[in-house]
Amino acid sequence: MPHNPTEITASIGGLGEAEVLRGAAAAAERERKSPRFVLPGIFAFPPNRDTLGGTSYFIADKSGNILLDCPAWNETNHNFLLANGGVDKLIMTHRGGIGKDVMAMQQELNCQVILQEQEAYLLPEVTVNSFAATLSWGANLELIWTPGHSPGSSCLYYQEHGGVLFSGRHLLPKSATEIVPLRTAKTFHWWRQLNSVAKLRDRFSTDTLKYIIPGANTGYLRGKGYIDNAYQCLAELDLESLRNIEPAC
């Protein structure tokens, strides 16, 4: 069963009791928050500490509901998923989107777990459906391998709403109107990441890509939940100048 938010233990160590209580209260408050509306049929979960503050998404689609990356596995999120028809596919956009309760989630939701083949080995106790370059289903959904941030980094393209790209950590917001690839000390291969961005730019157009919904740094979006004019933002990236930037701290 999902974790009960009241079952909190803390080692006080060098912290004062008031600090521990404030931290526990903040954790409990995060676990009570329900997913929020982003676009029709798309909901964002609160950032998950287990995935370093990553944001996961629920997509209600007639071909089967999708859970994209792992939210915190608690009673609030579990009940939300069941109330909205359950989950057909749990998809990881990258290794950092893997939460600690994947096996329990697969068992309780009775869903497929999908991960790009470069990172499928990370879930040895889970039944994983892996893919290579792309994976499509229905008439409107496609997973696209975009290596660079991690070996198996992928984006999910959803044709509804004028075209939505769920970018995981492959592309992240720099502001409410800017999206960029971000080089960090943990980036697997920076030039491959830029090449993956170029492939997305060359594949899409203003007619096929209206929104980008990132898997982290969503605070920059100021509650909006997405970058609009997405293809223009993508096309304006100067990928050549980005090749020589140093990793961010």
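Some values worked out for this structure:
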{"item": "P(r) of segment 158-249 over all Cα-Cα pairs, binned every 5 Å from zero, in whole percent", "result": "3, 14, 25, 26, 20, 9, 3, 0"}
{"item": "Euclidean distance between Cα centres, segment 223-242 to segment 84-155, Å", "result": "25"}
{"item": "Under 14 Å, Cβ to Cβ, from GLU125 - net charge with Lys/Arg +1 and Asp/Glu -1", "result": "0"}
{"item": "Ellipticity estimate at 222 nm from DSSP helix runs (n ≥ 4, -39,500 (n - 2.57)) divided over the chain, nearest 500", "result": "-6500 deg cm²/dmol"}
{"item": "At R0 = 22 Å, FRET efficiency that the Cβ-Cβ distance of ASP50 and GLU117 yields, to 0.05", "result": "0.40"}
{"item": "Gaussian network model of the chain, springs between alpha carbon atoms under 10 Å - residue of ILE213, ILE179, ILE42 with greatest fluctuation", "result": "ILE42"}
{"item": "Share of pairwise Cα separations in segment 193-247, more than 17 Å, in percent", "result": "46"}
{"item": "Efficiency of FRET between ASN129 and ASP228 - r from beta-carbon atoms, R0 25 angstrom, step 0.05", "result": "0.20"}
{"item": "Rg/Rg_ref, the chain, where Rg_ref = 2.2 N^0.38 Å and atoms are Cα", "result": "1.01"}
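Values quoted throughout were computed directly from the atomic coordinates according to the rules given, and no laboratory measurement underlies them. If you're wondering where the values come from, they're calculated on a predicted model, not measured in any experiment. Quick reminder, even Gly has a Cβ in these numbers, built from the backbone with ideal geometry, and neighbours come from all protein chains shown.
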